[in-house]
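So the structure is just underneath, and the comments pick up after that.
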């Protein structure tokens with residue numbers, strides 16, 4: 001992956017965020033809740049700022065950090081975000097309310113594999129961001145890409161899985177080896193997909209950017 | 001920077017290019033002419049595909065590799081590209097003609113610091129790509145950002161300079177140390193610039209993505 005020194009150099013140059021955003025970052029750190037790395041979220045936001053999506057679907061809300069940052073980066077976007085962990089869902093709801101973004105961010109509690117009809121209600125989506133259970137990426141992509149608008153794009157996070165997909169020789173757990181194989185299959189599937197131009201960025205835990213061919 | 005293994009993993013997944021593009025990549029390799037790394041150009045193209053610029057300014061044509069790839073990725077774009085080395089300029093001209101892109105790519109021979117009035121003739125630009133003498137980046141940015149359209153963006157390549165900007169302790173040449181200081185100053189200047197949202201991607205030799213605030 002990217003060396004710590006390079007990542008630190010880049011992150012040190014990123015301007016300070018607002019007080020609310022800063023508080024969310026601190027909360028995640030204190031409670032050991034994984035939110036996106038700073039360089040990762042800033043990279044994601046370049047695409048949000050360019051794309052200016054009217055509708056965003058996020059799979060994996062966690063505490064609402066990326067949803068609020070996307071909402072703040074694109075003031076016309078409406079966001080549907082799915083979270084299956086009820087505790088995180090409740091924290092996200094509070095965070096979004098505190099930032100007065102509840103009119104633009106709709107949270108859905110449940111498993112992304114089971115919420116398709118609810119999600120379809122708000123389709124089509126101009127931008128889909130997948131940041132959830134890595135073993136389900138192929139399913140998520142197949143389910144939700146059918147709800148992508150004609151000129152839409154999809155970003156899938158964590159596709160390098162701490163570098164394990166590149167070199168998995170040190171993995172002892174059988175379950176983790178199976179997960180690595182699944183992500184590898186997904187990466188090959190997307191990079192060769194006839195309907196998308198895709199690239200993997202070595203940012204954060206590996207970010208797949210897929211732009212629908214028009 | 002990014003480890004070789006990670007970069008190789010990503011590049012192995014990138015689909016084959018057309019015969020013409022492949023020939024250019026081979027030519028550059030054989031003649032030791034630096035063109036963008038494969039992962040770098042594919043990252044650049046994600047932004048071109050999203051932005052769909054009508055006009056692109058490129059500072060640093062080399063043999064025309066990135067100009068032709070941008071033209072092929074966005075079929076409505078007109079590109080102005082500057083090169084000061086006459087031999088490379090001539091090779092680029094041939095490559096562009098061979099791909100029948102000479103009606104969309106205009107090459108200018110000369111120093112980017114001296115061609116401003118010619119370049120202004122085709123302004124404003126929706127997309128500016130700077131990939132030339134690193135010591136001149138601040139000048140290039142200041143000269144040409146004034147020709148950027150209201151919703152334009154600028155990508156500046158090689159801003160991590162093989163990692164020297166992160167750790168320059170091993171540099172023996174005084175000239176190189178001065179260059180590293182210049183790039184560092186440039187990076188800080190752009191990342192704090194009030195008119196742009198910017199991020200450095202650890203792709204290729206370091207890619208600065210700057211989106212004009214609207």
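A short reminder: the numbers here are calculations on the coordinates, not readings from a lab. If you're wondering where the values come from, they're calculated on a predicted model, not measured in any experiment. Ideal geometry is used to build each Cβ from the backbone, glycine not excepted, and the neighbour counts take in all protein chains shown.
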Put a dot 7 Å past each Cα toward the Cβ at residue A:22 and residue A:54; how far apart are the dots in nm?
-> 3.7
Gain on full stretching of the segment that runs from residue A:30 to residue A:171 - 0.36 nm per residue minus C-alpha separation = 47.9 nm
What gaps in nm, shortest first, separate residue B:12 from its twins in the other copies when you place the label 7 Å past Cα toward the beta carbon?
-> 3.5
Cα radius of gyration and Dmax for the range A:46-128 (Å) | 11.8, 33
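Taking the alpha carbon gyration tensor of the range B:153-214, what are the square roots of 5 times its eigenvalues, largest first, to the nearest whole Å?
Working: eigenvalues 114, 28, 11 Å².
Calculated on Cα positions only, the semi-axes equal 24, 12, 8 Å.
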Once the label point is placed 7 Å from Cα along Cβ, list for residue B:122 the distances to the corresponding points in the other copies, in nm, shortest first.
-> 4.3
Residue span residue A:123 to residue A:111: 0.36 nm per residue of separation minus Cα-Cα distance leaves a gain in nm of 2.5 nm
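Could you grab the relative contact order for chain A? Cα pairs under 8 Å, six or more apart, rounded to a whole percent.
Dividing the mean separation by the residue count of chain A yields 18 percent.
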List A:212, A:174 from most exposed to least, where exposure is judged by having the fewest other Cβ atoms within 10 Å.
-> A:174, A:212
Roughly speaking, what is the stretch gain from residue B:181 to residue B:195, that is 0.36 nm per residue apart minus the C-alpha to C-alpha distance, in nm to one decimal?
-> 2.7 nm
Across the range A:4-212, how large is the tail of the calculated P(r) beyond 28 Å, expressed as a percent of all Cα pairs?
-> 24
The protein assembly as shown: Rg to Rh, with Rh as the Kirkwood radius over Cα pairs | 0.96
Inter-copy distances for residue B:189, label 7 Å out on the Cα-Cβ vector, sorted ascending, nm, one decimal, are 4.8
